[in-house]
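Where a number appears in this text, it was derived from the coordinates with a stated rule and is not lab data. Nothing here was measured: the structure is a model prediction, and the numbers come from that model. Every residue, glycine as well, gets a Cβ built from its backbone with ideal geometry; the counts of neighbours run over all protein chains shown.
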Amino acid sequence: MKILWIDLLCFKTIILVYLMKRSNFDHIYYINIHKTFRPFVNLASKILNKPISNIDYVVESEIYINNNNLHDVIQNRISSILERWLESTYTQKQITSFISKTGFSKSKYSSHLKEKAYYFAFKPIQIYSLAEVIGEGHTNLFLFKKTPISQEIKKTIGGELVDFYSYSNYGVEKRKT
């Protein structure tokens, strides 16, 4: 069975899914949904002829991967991705260029970038880790928003399994906690 994991269910992602060449998946899971798309989930499911499910029932501290709870696994993966991203040649050139123009401390600026990039890495890595547990034994495909660290995420998950899309709206429905 093939499962498609989407970080934000909205009109754009459903259109992309509909047009995808690898649309031979059996189920769609999503984490967030755009406010205006909520009434159309069932319609999209019927058009695609695939079930669409929200993953809002997971308690990360109760799920384990290799004797580590899911929350810790996610944090460790994010940390390693951000370290690789900061050490990449492109990022190092950007850091060097910025500090030569401004005179800022390299370590403080690198730390600042790592802190700000955390939010770009969190959702994709959270979904990837959930897919390891929920989609165990299945082929997991991913559709994520494009971010400055998309290439590092692609390296972590596997280039064949991940696609990215551009998105710039902020109408995401707030989840109940």
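Quick look at the numbers
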item	result
Selection status of A131, of a type in the set (A, V, I, L, M) and out of contact with any helix residue (DSSP H, G or I) (no Cβ under 7 Å at 6 or more places or on another chain)	yes
Filtered residue count, the stretch 17-62, keeping only those that are in contact with a strand residue (DSSP E or B) (Cβ under 7 Å, 6 or more places away or on another chain), under 16 Å from I127 (Cβ atoms) and hydrophobic (A, V, I, L, M, F, W, C)	7
Residues being under 18 Å from G159 (Cα atoms), under 13 Å from the mean Cα position of the chain (by Cα) and among the small types (G, A, S) - total across the stretch 71-130	2
Matching residues, the stretch 1-25, being in a helix (DSSP H, G or I), in contact (Cβ under 8 Å) with a residue 60 or more places away in the chain and surrounded by fewer than 19 Cβ atoms within 10 Å (Cβ to Cβ)	K12, L16
